[in-house]
Amino acid sequence: IPYELGGNPRKSGTSDNSYLFFSIYTLAAQKAGLSYKEYLPMKYLLRNTKEVDEDDLKNGDLIVLNDNHAAMIYKVEKTGRMHFIYASQKRQQIFSFNTDNLVFHVYWLENLKGFYRLSDGMLAPNP
């Protein structure tokens, strides 16, 4: 999917991080019999998260940089290796990487703000 700030795949065939995360959270919530609260631009989404310890990371948690750029963890291996996905403005597409990637060490970890998880209020039982 090509990147576009404010992109919505249903309307334009493009996406940004906010809509990418909204789509993933919505689908995951539906599969779990829950509903995801609503689409939120990234700065508002991050206000609805809580910081978590690196030793307690799960699928769906976010790695957030000092400038509030974020990637979502979509797989945590037993070895501790993590896989991430995000909409890259620089690369103009959805991009995935893992903790073995050099960019993870020289960019993501060097600019790390922390790891975050959705607040409980972002998910609700289906009516």
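Report, in deg cm²/dmol and to the nearest 500, the calculated mean residue ellipticity at 222 nm for the chain, where each DSSP H run with n ≥ 4 adds -39500 (n - 2.57) and the sum is divided by the residue count.
Result for the chain, helices only: -5000 deg cm²/dmol.
Distance from the alpha carbon centroid of region 85-127 to that of region 48-63 works out to 10 angstrom. The share of alpha-carbon pairs in region 71-127 lying farther apart than 17 Å comes to 51%.
Each residue was assigned an accessible area with a 1.4 Å probe, and for residue 96 the value is about 60 Å². Non-local lysine pairs in region 24-98, meaning eight or more places apart or on different chains, with alpha-carbon distances under 22 Å, amount to 10.
One compactness figure for the chain is 1.03, namely its Cα radius of gyration divided by 2.2 N^0.38 Å. Here, P(r) means the percent of Cα pairs in each 5 Å bin from 0 to the largest distance; for region 31-80 it is 4, 15, 25, 25, 18, 10, 2. Rolling a 1.4 angstrom probe over the protein heavy atoms with all chains in place gives region 83-127 an accessible area of 61 Å² per residue.
Rounded to the nearest whole Hz, the Karplus-based 3J(HN,Hα) values (6.51 cos²θ - 1.76 cosθ + 1.60, θ = phi - 60°) of region 72-83 follow the sequence 9, 7, 10, 7, 10, 7, 4, 6, x, 5, 10, 10, with x at glycine and proline.
The values are calculated or read from the model by the stated rules, or taken from the named source; none is laboratory data. Source: prediction; values computed, not measured. Heavy atoms of the whole protein, side chains included, go into the accessibility calculation; ligands, DNA and RNA do not. Shrake-Rupley method; radii C 1.70, N 1.55, O 1.52, S 1.80 Å.
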